[in-house]
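The values are calculated or read from the model by the stated rules, or taken from the named source; none is laboratory data. Note that this is a predicted model, so its numbers are computed, not measured. Heads up, the Cβs are rebuilt from the backbone with ideal geometry, glycines too, and the neighbour counts pull from every protein chain shown. Calculation scope for accessible area: heavy atoms of the full protein, side chains included, ligands and nucleic acids excluded. Shrake-Rupley method; radii C 1.70, N 1.55, O 1.52, S 1.80 Å.
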Amino acid sequence: MAVSTFKRGLRLPTRKDATEGKPVELAPLPKQVVIPINQHFGAPNKCLVNVGDHVKRGQKIADAAAPGPMTVPVHASITGVVKKIEPRTQSNNTEGICVLIEAESVDSGSGGEEFLPPLDPFTCTKEEALARIREAGIIGMGGAGFPCHIKLNPPPNKPIDIIIADGAECEPYLTTDEAVLTEKPNLLILGLTIVMKITGVKKAIIGMEDNKAKLIPMIEREIRLSEQAASVGEISIGLCRTRYPQGGEKLLITALTGREVPSGGLPMDAGCIVQNVGTLVAIAEAFSLGKPLVDRDLTVSGGACKTPKNIRAPIGTLLPDLPPVFMEIGYDKLSKILYGGPMMGNAVPNLNIPIQKNTSGIILMTAAETVAELEGPCIRCGRCIRNCPIRLSPVIMNMALEAGDLDEAVTAGLMDCIECGSCTFMCPARIKLVQRFRVGKGRLRIRQQARQAAQAAKPAPAKT
């Protein structure tokens, strides 16, 4: 099978050996969960429960006051009693309203769940299918948190002809996508065929890096055995070179199709929809089981973790409630806690941070695995430019932000930056470029909101 890739990027040590090939273990029921009511990219939710309420696993606990296209509900991940509703620090290091649920000792399947009724995705209407995906609270599980039902319903002027299942998993340490490909290929293919049915697209590609090539025969077998695959269209496997950040949707599109997403555009502007393989499994379960997105598979690894694992835990679980992994942490060696991978993840201040829908991994790093050097002056070496996979000029963007010129930063490509961290990794001056770009984007959003508010506050023109 031919191996494709994109230009530039990095060859990183994968550091996946500790969990590669390990099955996903089910975490014990936590004593409590802390569930953020806003875990998606879009309009904020409103809490639907009160302190003292009894809730069941799968019950909706938050949704938009007026459900719109960019809203996704949140569900209770365990059965229990709501003890608190208060602001808590989340994995993106911002405070947000969270629902604290204290668990009851109710086993799965014994009356402690409130799932949706199963729904046949191949006989229901497109509108019913999209409504099911939204009601199940499914967002992109690769990290961005974009509402899934929005991705699957592009505007009529954006025709889609290729669906891509993203199983590249290019971040070091992380192996949960590989576990999905290994343990749930049937659900992956079912979810992919559902997406093809909803969108009417006849061609799909399962993209993965060549370090997972051994899984190809098993996945091809599942494609042949699928009753729906032949009827909805053609499903193939695309093998990509192991290169960072191959899992980024724009770069995966280029590697597998030769197309490029235009500046300021989205995958649909290149005729593609990209869905993480974990998201596709969640879609399959939402229809076949009526299960909302209440659990998350993630990798727990790093040099300070004595027993690296792939685990499945209820959303909202706190790190200390994940035995035996966190009972055996080398606390004396722990230097940094990362949510997500080491390139694009966020460092968090303590252990009491809840797992969210888009938490792909928790990396417990030693001092030897981290870089804590002070920033030096930019020497204009150009390494950030030579290695940027999006072909931007990070040095120019950084200069514009330092000068307070947001417009110049945007012109240099600020909003096209995918925050992959390649520039920061290669910078000899150790300048935290990605962090600066994230702050710059936040400043830009604040400015846009202020302008919109000022425009809305203008008095209406007087009638003559």
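Apart from one condition, residue 145 fits all of (1) open to solvent by 10 Å² or more (accessible area, probe 1.4 Å); (2) in contact with a Gly (Cβ under 9 Å, 6 or more places away or on another chain); (3) assigned to a loop (DSSP other than H, G, I, E, B); (4) not hydroxyl-bearing (Ser, Thr, Tyr); the exception is (1). Scanning the range 195-207 for residues being out of contact with any Cys (no Cβ under 7 Å at 6 or more places or on another chain) and either within 19 Å of residue 3 (Cβ to Cβ) or not in a helix (DSSP H, G or I) (or both) gives a total of 7. What about residue 403, is it farther than 22 Å from residue 375 by Cα and free of Cβ contacts under 8 Å to residues at least 12 places away in the same chain? When the stated conditions are applied, residue 403 does not pass them.
Taken as a whole, the condition of being more than 30 Å from the chain's Cα centre (by Cα), open to solvent by 80 Å² or more (accessible area, probe 1.4 Å) and of a type outside the set (S, T, N, Q) applies to residue 379. Screening residue 338 with (1) of a type outside the set (Gly, Ala, Ser); (2) open to solvent by less than 40 Å² (accessible area, probe 1.4 Å); (3) within 30 Å of residue 293 (Cβ to Cβ); (4) touching a residue at least 40 places away in the same chain (Cβ under 8 Å) gives one miss only, at (4). Taken over the range 119-131, the criterion of being of a type outside the set (A, V, I, L, M), in contact (Cβ under 8 Å) with a residue 60 or more places away in the chain and open to solvent by less than 30 Å² (accessible area, probe 1.4 Å) is satisfied by 121 alone. If you check 43, 64 for being out of contact with any strand residue (DSSP E or B) (no Cβ under 9 Å at 6 or more places or on another chain) and under 20 Å from residue 151 (Cβ atoms), only one passes: 43. For the range 387-433, the tally of residues that are closer than 25 Å to residue 172 by Cα, open to solvent by 10 Å² or more (accessible area, probe 1.4 Å) and of a type in the set (Gly, Ala, Ser) stands at 2.
I'd like to check something: does the range 180-192 contain any residue that is among the acidic types (Asp, Glu) and either in contact (Cβ under 8 Å) with a residue 40 or more places away in the chain or buried (at least 24 other Cβ atoms within 10 Å of the Cβ) (or both)? Yes, the range 180-192 has at least one match.
Of the candidates 88, 134, the single residue that is crowded, with 17+ Cβ neighbours inside 10 Å, of a type in the set (D, E, K, R) and under 25 Å from residue 361 (Cβ atoms) is 88. With respect to the conditions (1) part of a loop (DSSP other than H, G, I, E, B); (2) in contact with a Lys or Arg (Cβ under 7 Å, 6 or more places away or on another chain), residue 401 lacks only one, and its number is (1). The sole residue among 34, 49 that is at pLDDT 95 or above, in a loop (DSSP other than H, G, I, E, B) and surrounded by 18 or more Cβ atoms within 10 Å (Cβ to Cβ) is 49. Inspect all residues belonging to the range 277-291 and state whether any of them is of a type in the set (Lys, Arg), more than 18 Å from residue 154 (Cα to Cα) and open to solvent by 10 Å² or more (accessible area, probe 1.4 Å). Yes: the range 277-291 contains one or more residues that are of a type in the set (Lys, Arg), more than 18 Å from residue 154 (Cα to Cα) and open to solvent by 10 Å² or more (accessible area, probe 1.4 Å).
Got at least one residue in the range 33-53 being touching a helix residue (DSSP H, G or I) at 6+ places or on another chain (Cβ under 7 Å) and of a type in the set (Lys, Arg)? It would help to see each step written out before you state the result.
First, the residues of the range 33-53 that are touching a helix residue (DSSP H, G or I) at 6+ places or on another chain (Cβ under 7 Å): none.
The answer is no, given that none of the residues of the range 33-53 is touching a helix residue (DSSP H, G or I) at 6+ places or on another chain (Cβ under 7 Å) and of a type in the set (Lys, Arg).
Among the residues making up the range 163-177, a single one is assigned to a helix (DSSP H, G or I) and open to solvent by 10 Å² or more (accessible area, probe 1.4 Å): 177. Inside the range 221-255, residues that are more than 14 Å from residue 4 (Cβ to Cβ), open to solvent by 10 Å² or more (accessible area, probe 1.4 Å), touching a residue at least 40 places away in the same chain (Cβ under 8 Å) and touching a Ser or Thr at 6+ places or on another chain (Cβ under 7 Å) make up a count of 2.
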